[in-house]
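What follows is a short report on a single structure.
Throughout, read-outs are computed from the coordinates displayed, never taken from laboratory work. Remember, it's a predicted structure, so these values are computed and weren't measured experimentally. Positions of Cβ are generated from backbone atoms using ideal geometry, with glycine treated the same way; all protein chains shown enter the neighbour counts.
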Amino acid sequence: MTPDRQAPRLILAPLKGFTDAVFRNTFAEHFGGFDSAMAPFVATVAADRLTDKHVRDLLPHQNTRMPIEPQILGNAAEDFVFLARRLFDMGYPDVNWNLGCPFRPVTKKRRGSGLLPFPEQVDEFLSKTLPAIPGRLSIKMRLGRNTPDEILRLLPLLDRYPLKEITIHPRTARQMYAGLPDLDMFQACLGQIRHRVVYNGDITGLEQFRTLAARFPRVDSWMIGRGALSNPFLPAIIKNGRDGVVGKLEKFKAFYDELFARYQERLCGPGHLMNHMKGFWTYFACAFKGGPDFAKRIHRTFKLPQYLETVQCFFRGNAEWRGNDEKGDPEERARLSPPCR
Ligand SMILES: Cc1cc2nc3c(=O)[nH]c(=O)nc-3n(C[C@H](O)[C@H](O)[C@H](O)COP(=O)(O)O)c2cc1C
C-alpha cells in the first residue's frame with residue numbers, strides 16, 4: 001500500500017486573456033482538481049480613474065465555482081493600496097502582487113519582473129503597502145529579470161514582511177517561456193526563505209509532478225497554468241494521484257461546447273468570439289493526437305462559420321485524445337511546444 005500522503009494544494013495559474021471568470025467557472029464545473037485560482041492581473045491606475053470595469057472579472061457573484069485570489073500589477077504604493085482596499089472590500093481576504101510579468105512594455109516601467117533587480121524599491125513598496133492594507137499579501141515572482149540570481153537579494157528582505165506566501169516561477173523574464181525551469185535555483189531559494197512557497201512552472205503530467213514533489217518535500221502548494229489548459233484532466237489526476245478518468249474526449253467536448261456558448265453570450269461580435277476561441281486551441285490542441293496540425297488548421301480560419309465547421313469536423317471525425325501525455329510518443333512530444341510536452 002502507498003503511504004497516505006496529503007493531497008497537494010493545487011492553484012490555477014493566472015493566464016491573462018484565458019483564465020477569466022467564464023473559464024474558471026466552466027473549468028471547475030467540468031473537471032475540478034483545483035483548490036483555488038489566482039486571477040489574471042489588474043493593473044493599478046490613479047485612484048480617480050479606477051472604475052467598476054477594472055474589477056468586473058473579480059465580482060464575487062461571478063466567481064462562485066472556485067475561490068479566487070485577485071492579482072495586482074503595479075509599483076506605485078498609493079495606487080496599489082487604493083485598488084487592494086477595493087478588493088478587500090469586495091470580500092477577498094488576500095491579494096497577490098505580480099512581480100513576474102516578463103513583457104517589455106511592463107518591465108521597462110519597473111513593473112512586474114521589471115522590479116526584481118531593484119530590492120530597495122521592493123522594500124520601500126512593501127513598507128508602505130503592508131501597514132495600509134486590511135488583508136494579507138502574497139507575491140508571485142520569477143527568479144529575476146535578467147539573471148536567475150536576482151531573487152537571492154530579494155528573499156532576505158521578503159522574509160522581514162508578513163506575507164501569506166510566495167509563488168516562484170523559476171525562470172527569468174529574459175527567458176520568457178524558453179528553456180526549462182531552473183530547479184536548482186528553485187531549490188536554493190527554498191533554503192533561503194521562511195515563507196510558504198508555491199512552485200509554478202511546466203507541470204504537465206502526474207509522474208513529472210511526483211518527481212517534483214519528491215525533490216521538494218517542503219512544498220505543499222503547486223500552481224498549474226498551461227498544463228491545465230492543455231490537459232484539463234491533469235489537476236484532478238494529480239489531486240487523486242491516479243488517472244481514472246474515462247470518456248475524456250466526450251467530457252472535453254461537453255466542456256468546450258459550454259465554454260463556447262458562454263463566450264458567445266459574453267463577447268461582442270463573431271470575430272472577437274472566434275479569435276478568443278482560437279487562442280484556447282493553441283493549448284487545447286495539445287490534448288489530441290496530431291493536435292499541432294489541427295491548431296494550424298484552426299488558425300487558418302478567418303470567419304466564424306468556417307471556424308465552427310473546422311471544429312465540428314474535428315470532433316466528428318478524427319479527434320483522438322492523446323491519453324496520458326507521459327505515455328505519448330516521445331518523438332511527437334519532443335516536437336511540441338512546452339505546454340504540450
Ligand atoms: C498567456 C499567458 C498569460 C499570463 N498572464 C499572467 C498574469 O496575468 N499574471 C501572472 O502572474 N502570470 C501570468 N502568466 C504566467 C503564468 O501564470 C505562469 O506563471 C506561467 O505560465 C508558468 O506556469 P505554467 O508552466 O504552469 O503555465 C501568464 C502566462 C501566459 C502564457
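General remarks:
- Test: residue in segment 34-53 that is assigned to a helix (DSSP H, G or I), aromatic (Phe, Trp, Tyr) and either surrounded by 19 or more Cβ atoms within 10 Å (Cβ to Cβ) or in contact with a Leu (Cβ under 8 Å, 6 or more places away or on another chain) (or both): no
- Residue within segment 257-269 that is among the aromatic types (Phe, Trp, Tyr) and buried (at least 21 other Cβ atoms within 10 Å of the Cβ) present: no
- Of the helices (runs of 4 or more DSSP H) lying entirely inside segment 236-327, those carrying at least 1 residues that are of a type in the set (Phe, Trp, Tyr) and more than 22 Å from the chain's Cα centre (by Cα) are 291-299, 304-316.
- Number of residues in segment 217-233 that are under 12 Å from Pro8 (Cβ atoms) and either within 15 Å of the ligand (Cβ to nearest atom) or buried (at least 19 other Cβ atoms within 10 Å of the Cβ) (or both): the value is 5.
- Hits in segment 279-326 - residues which are farther than 27 Å from Ile237 by Cβ, surrounded by 15 or more Cβ atoms within 10 Å (Cβ to Cβ) and in contact (Cβ under 8 Å) with a residue 24 or more places away in the chain: Thr301, Leu304, Tyr307
- Taking the numbered list (1) away from the ligand (no atom under 16 Å from the Cβ); (2) of a type outside the set (A, V, I, L, M, F, W, C); (3) part of a helix (DSSP H, G or I); (4) in contact (Cβ under 8 Å) with a residue 24 or more places away in the chain in turn, Asp57 passes all entries but (1).
- Residue within segment 130-141 that is within 23 Å of Met223 (Cβ to Cβ), buried (at least 21 other Cβ atoms within 10 Å of the Cβ) and of a type in the set (Ser, Thr, Tyr) present: no
- Residues in segment 25-54 that are among the hydrophobic types (A, V, I, L, M, F, W, C), over 22 Å from Lys164 (Cα atoms) and within 15 Å of the ligand (Cβ to nearest atom): Phe27 only.
- Boolean, Leu99 is touching a residue at least 40 places away in the same chain (Cβ under 8 Å), within 13 Å of the ligand (Cβ to nearest atom) and touching a Gly at 6+ places or on another chain (Cβ under 9 Å): yes
- Picking from residues in segment 172-181 that are touching a residue at least 40 places away in the same chain (Cβ under 8 Å) and under 16 Å from the mean Cα position of the chain (by Cα), the one that is farthest from Gly100 (Cα to Cα) is Tyr177.
- Odd one out for Phe23, checked against (1) among the aromatic types (Phe, Trp, Tyr); (2) over 17 Å from the mean Cα position of the chain (by Cα); (3) assigned to a helix (DSSP H, G or I): (2)
- Only listed residue being in contact (Cβ under 8 Å) with a residue 60 or more places away in the chain, outside any loop (DSSP other than H, G, I, E, B) and not hydroxyl-bearing (Ser, Thr, Tyr), chosen from Glu78, Glu69: Glu69
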